[in-house]
1. Tell me, which strands (runs of 3 or more DSSP E) lie completely within the stretch 103-150 with 1 or more residues that are polar (S, T, N, Q)?
2. Which residues, counting only those in the stretch 90-99, are part of a strand (DSSP E or B) and surrounded by fewer than 20 Cβ atoms within 10 Å (Cβ to Cβ)?
3. Report, by residue number, each residue of the stretch 41-73 that is acidic (Asp, Glu), touching a strand residue (DSSP E or B) at 6+ places or on another chain (Cβ under 7 Å) and loosely packed, with under 14 Cβ neighbours inside 10 Å.
4. Scan the stretch 126-149 residue by residue and report those that are closer than 15 Å to residue 99 by Cα and touching a Gly at 6+ places or on another chain (Cβ under 7 Å).
5. Is at least one residue of the stretch 74-86 surrounded by fewer than 18 Cβ atoms within 10 Å (Cβ to Cβ), modelled with pLDDT of 90 or more and β-branched (Val, Ile, Thr)?
6. Just the residues that are closer than 13 Å to residue 142 by Cβ and buried (at least 21 other Cβ atoms within 10 Å of the Cβ), please, taken from the stretch 102-115.
7. Could you run through the stretch 44-66 and say how many residues are under 14 Å from residue 95 (Cα atoms), in a strand (DSSP E or B) and not hydrophobic (A, V, I, L, M, F, W, C)?
Amino acid sequence: MSIFSSNKDAASSQTSSNPATKPVNSTVNPVQSQPAQSSATHSSSSLTTISEGTTLEGQIKIEGDIKVEGLIKGSVTSKGKVIITTSGKVEGDIICSNGDIAGKVTGKLRIADVLFLKGSAVIDGDINTGKIVIESGVKFNGNCSMGNPVNPVNPVNPVVAPKVETPVAKPTVAFNA
């Protein structure tokens with residue numbers, strides 16, 4: 001049997017052979033042993049991984065999620081989640097919906113929803129996020145502001161509630177002469 005044979009060929013050869021002559025210890029094609037992913041279990045957003053030992057320079061814009069194990073020199077913009085592992089480093093701004101950081105970031109973080117800072121995270125820059133979770137051991141140098149959500153679709157313009165101006169009564173001064 002060839003390593004590139006299809007399941008149909010393997011099935012037909014097994015049914016046509018004599019059951020008494022089948023080997024007891026049969027090998028399984030490695031491709032067949034991997035579970036197939038159905039569309040029901042497939043995530044709606046894809047995950048892009050920047051592996052350890054990889055260095056990217058420039059601006060990254062991505063629709064799905066991104067996992068950084070290597071080094072990125074430039075900004076990262078994602079409509080999904082940005083994951084920085086313990087070996088990952090970003091030297092630039094990060095703009096995304098959700099963040100999970102265990103590595104080092106030198107730059108501004110603008111996270112629309114939730115930012116998780118793991119105990120090994122080192123952040124040198126300002127943070128603007130909706131919610132933040134910080135584990136013990138995080139090293140953070142910068143300012144943190146919450147409540148002014150970032151728009152991951154158009155990160156340059158944050159989502160700002162319209163201001164309602166209330167008229168201020170002007171004092172009337174009367175002079176009696």
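1. Here the list reads 104-106, 127-134, 139-141, 144-146.
2. Listed by number, the list holds a single entry, 91.
3. Within the stretch 41-73, 57 is the sole residue that qualifies.
4. 126, 127, 135, 138, 146, 149
5. yes
6. 105, 109, 110, 115 - these are the residues of the stretch 102-115 that are closer than 13 Å to residue 142 by Cβ and buried (at least 21 other Cβ atoms within 10 Å of the Cβ).
7. Qualifying residue count for the region: 2.
The values are calculated or read from the model by the stated rules, or taken from the named source; none is laboratory data. What you are looking at is a predicted structure, and each value in this text was computed from that prediction instead of being measured. Cβ atoms come from the backbone with ideal geometry, glycine included; neighbour counts cover every protein chain shown.
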